[in-house]
Amino acid sequence: MDVFEQHVNETLALIGQEKLSYYKEEAPIFQKAYDYVKEYAYQKKLTNTAIALRVVRALHSGTYRGKVTLEDGSVVKRPYVCHCLAVAQMIINLHIPLSHEEEDVVLSAALCHDIPAYVTFSKGFSELTQVYHLSVPVTSLVSFIYTRNLQTEADKAAFFKRMEGSKLGMIVKLADRGNVVEGLYNVSVWKAQEYIHETKTYYMPLCVYGREKYPELEQPFGVLLEKIRSLIDATEILVVRYVKTEMELTDKILRLKEDNARMRSFIRKRNEIKKIIT
């Protein structure tokens, strides 16, 4: 065991096995992605990433997003950690030119970015450092990119304006959105419309800005932009068709109800006339 692995193991021991427990029966659903990120973290000796893997697996245990079809054809709830691992995996595959420390912080934040939305910390974001021993830069980045408390369009506009000053924050948020739009087929049409609006209004312009401000990131940000654009465009076409079809069907149903109501009224009046005659 080398120094890196020893340090990781010692840190995990400090956190404690109780805090790192998870539903092992769900592991096969995300194990391949988990092993991919873990292998990369250990190969590159990314301490925070190696620790964050265990932390996010535990803290997201029992939370879900969408459905997944297993090899036997059964459909089950998709563990939320699948999303976190997918975001980290996307960043790895983009081969973004970062320093060793920057890459460790980015991948750790990518893994942990949604923990505060699902886990109530009594001391706020600082518990990621105080209890789970992630570095302060990781905790600070997770706090900086957190968006669940944005209520209005003005809040969102201000947030994305601040995001322009954080290269690492932009990487995590854009990779996160890149994975989110992959699953738009699995949300309601109304939620899809919300995602489309949000992505076009804030995320795509942020991607364009990032390509201009950080020339060294032009290629990975360009890949992300094309990915997001193509998926959003395809989703929008389907949404428009769905809404049009739904409106046509709704109008047809309304007309049939009106015809039915007129028919019932006619029959009722005819029966009343018959009673009078007899």
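The values are calculated or read from the model by the stated rules, or taken from the named source; none is laboratory data. Values in this document were obtained by computation on a predicted structure and should not be read as measured data. As a convention, Cβ positions derive from the backbone with ideal geometry for all residues, glycine included, and neighbour counts pool all protein chains shown. Surface accessibility is based on the protein's heavy atoms, side chains included, excluding ligands, DNA and RNA. Shrake-Rupley method; radii C 1.70, N 1.55, O 1.52, S 1.80 Å.
So which of Lys191/Lys213; Lys77/Lys257; Lys24/Lys45 end up more than 28 Å apart by C-alpha? Result: Lys191/Lys213; Lys77/Lys257 exceed 28 Å. Rounded to the nearest 20, the Cβ-based charge dipole of the stretch 11-106 about its Cα centre (Lys and Arg +1, Asp and Glu -1) stands at 240 debye.
Remark: the stretch 55-180 projects, on average over all directions, an area of 8.9 nm² (convex hull of Cα atoms).
Across the options Tyr40, Thr201, Val136, the greatest Cα extent toward the positive end of the charge dipole of the chain (unit charges at beta carbon of Lys, Arg, Asp, Glu) belongs to Thr201. Note on Arg262: accessible area is roughly 140 Å² with a 1.4 Å probe, heavy atoms of protein only. Of Ser265, Ser99, the order by accessible heavy-atom surface (1.4 Å probe, DNA, RNA and ligands excluded), from most exposed downward, is Ser99, Ser265.
Taking chymotrypsin sites (Phe, Trp or Tyr not before Pro) as exposed when DSSP calls them loop and at most 15 other C-beta atoms lie within 10 angstrom, the chain has its longest site-free stretch at 122-278. A viscosity of 1.002 mPa s and a temperature of 20 °C, combined with the Kirkwood radius over C-alpha pairs in the Stokes-Einstein formula, give the chain a diffusion coefficient of 100 µm²/s. P(r) tail for the stretch 162-231: Cα pairs beyond 13 Å make up 61% of the total. Ignoring the sites themselves, the chain has its longest run without GluC sites (Glu not before Pro) in a DSSP loop having at most 16 other Cβ atoms within 10 Å at 165-278. The stretch 164-184 and the stretch 188-227 have Cα centres spaced 8 Å apart. Most fluctuating residue of Val87, Val119, Val181 in a GNM of the chain with Cα springs under 10 Å: which is it? For the chain, modelled as a Gaussian network with Cα springs under 10 Å, the answer is Val119.
In a simple Cβ point-charge model (Lys, Arg +1; Asp, Glu -1; nothing else charged), the stretch 48-200 has a dipole of about 340 debye relative to its Cα centre. Helices in the chain, meaning DSSP H runs of at least 4 residues, each add -39500 (n - 2.57). Divided by all residues, the mean residue ellipticity at 222 nm is -23000 deg cm²/dmol.
The stretch 3-121 gives an Rg/Rh value of 0.97, both radii derived from C-alpha positions and Rh following Kirkwood.
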